[in-house]
Amino acid sequence: GSQKWYDFDQLKDFTTQAKDPKWCRKVFDELTALFCQWPNWKHRQNPELLAALVCCTWLQSTWNWRPLVSITGKTGSAKTLFMQSILSKLFEPLVIFCEKTTEAGVRQKIGLTARPVLIDEYESDKHRQAILELFRTSSRGGSILRGSANGVASSFGMKHIAWTGAIESGLRKAADQNRFISIEMNEMPKDCRIKIPSAADLHILGQKVLAVGMVHWSRVKELANLITEQSAGVINIDSRLIESYSLPCAMLSSVLELNAQEAIGVMAHILEDRNLTGSLQSDEEQVLVAIYE
């Protein structure tokens, strides 16, 4: 569209500076330190994983495989503060940020754009399953065909790393669990004080992260493929989950100037202490849930 979401001269300057590995690491350190203000991440590796995912989201249509991101936390975890006051501001003004939406609303708002998508209050209701099915097309960039009254089928697909925030993820099917990177938050300590940067400062930081991605994207695609191929038998998780985690791990490894074997070590570090088996429902349980809801 015609909305101006970046300053050409500024972004050109950032991409020039991003050719310096030390500058890229400094940008990632700044973003990670910002996320570390939340002391209630369930896994200590979450801030650096989130920093890599933010960078990957800027270039979401570029990748061969796109993970989805689920942030969960009970009331009092400051989850909404994180998504609304920090995460969405990094992508401003390009971001699509919404609450309690429908599948049609998401589809129509995205339209023909590659805008970052953040959905908060993504709680269990009659619309969530339809949105999940839409999100499934995003992983490899597939499409959904729909019939119309005039007899001409229309198609829609996503190439987005969509982010959702909810009290619980609702991921019961393996097809959904393996596509999502789950970020869990515990209850926030009552004496915790978080310093929120200004919207202008967050916008600049977001543009710096974009510049890092623009310089590293080719190496990241190469590393992600190598991690997926070489981690088989080394990291004992589902192959699709390896694909999902390989992208942010490749981004982090590229910024740190690591090779493929070292990148697999980064993935092992990220996956440490994570329960990736989930809680799957049988078809019968899903039917009962549908009836009760």
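The values are calculated or read from the model by the stated rules, or taken from the named source; none is laboratory data. Predicted, not measured: the structure shown is a model, and the values here were computed from it. Ideal geometry is used to build each Cβ from the backbone, glycine not excepted, and the neighbour counts take in all protein chains shown. Just so you know, the surface numbers come from the protein's heavy atoms only, side chains and all, with ligands and any DNA or RNA stripped out. Shrake-Rupley method; radii C 1.70, N 1.55, O 1.52, S 1.80 Å.
At-a-glance table
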quantity: The range 1-23 residues that are within 23 Å of S253 (Cα to Cα), paired with ones that are open to solvent by 70 Å² or more (accessible area, probe 1.4 Å) (beta carbon under 8 Å, 6 or more apart); calculated: T15/M214; A18/M214; P21/E257
quantity: Qualifying residue in the range 102-110 (condition: surrounded by fewer than 17 Cβ atoms within 10 Å (Cβ to Cβ), within 29 Å of C192 (Cα to Cα) and touching a residue at least 12 places away in the same chain (Cβ under 8 Å)); calculated: no
quantity: Any hit, the range 266-288, residues being closer than 20 Å to N46 by Cβ, of a type in the set (G, A, S), in contact with a Ser or Thr (Cβ under 8 Å, 6 or more places away or on another chain) and touching a residue at least 12 places away in the same chain (Cβ under 8 Å); calculated: no
quantity: Residue that is nearest to G165 (Cα to Cα), among those in the range 56-74 that are part of a helix (DSSP H, G or I) and either open to solvent by 10 Å² or more (accessible area, probe 1.4 Å) or not hydrophobic (A, V, I, L, M, F, W, C) (or both); calculated: T57
quantity: Scan of the range 181-210 for residues that are among the hydrophobic types (A, V, I, L, M, F, W, C) and either under 18 Å from R25 (Cα atoms) or open to solvent by 10 Å² or more (accessible area, probe 1.4 Å) (or both), ordered by number; calculated: M185, M188, C192, I194, I196, A199, A200, L202, I204, L205, V209, L210
quantity: Restricting the range 139-172 to residues that are assigned to a strand (DSSP E or B), open to solvent by less than 10 Å² (accessible area, probe 1.4 Å) and not hydroxyl-bearing (S, T, Y), the residue that is farthest from V289 (Cα to Cα); calculated: W163
quantity: Breaking point among (1) under 25 Å from M267 (Cα atoms); (2) within 18 Å of the chain's Cα centre (by Cα); (3) at pLDDT 90 or above, for Q207; calculated: (1)
quantity: Complete set of residues in the range 112-161 that are more than 19 Å from F97 (Cα to Cα) and of a type in the set (V, I, T); calculated: T137, I144, V152
quantity: Residues being under 21 Å from K74 (Cα atoms) and in contact with a Phe, Trp or Tyr (Cβ under 7 Å, 6 or more places away or on another chain) - total across the range 88-118; calculated: 2
quantity: Members of the range 239-257 that are open to solvent by 70 Å² or more (accessible area, probe 1.4 Å) and either in a loop (DSSP other than H, G, I, E, B) or charged (D, E, K, R) (or both); calculated: R240, L256, E257
quantity: Matching entry among S85, S77 (being in contact (Cβ under 8 Å) with a residue 40 or more places away in the chain and assigned to a loop (DSSP other than H, G, I, E, B)); calculated: S77
quantity: Residue list for the range 211-222, filter: open to solvent by less than 10 Å² (accessible area, probe 1.4 Å) and either at pLDDT below 95 or small (G, A, S) (or both); calculated: A211, G213
quantity: The listed residue being surrounded by fewer than 19 Cβ atoms within 10 Å (Cβ to Cβ) and among the aliphatic types (A, V, I, L, M), out of L11, L34, L53, L49; calculated: L11
quantity: S77 on the phi < 0 side of the Ramachandran plot and touching a Phe, Trp or Tyr at 6+ places or on another chain (Cβ under 9 Å); calculated: yes
quantity: Residue in the range 119-138 that is assigned to a strand (DSSP E or B) and open to solvent by less than 50 Å² (accessible area, probe 1.4 Å) present; calculated: yes
quantity: Candidates L68, L81, L87, L59, filtered to the one that is modelled with pLDDT of 95 or more, among the aliphatic types (A, V, I, L, M), closer than 16 Å to I183 by Cα and under 20 Å from the mean Cα position of the chain (by Cα); calculated: L87
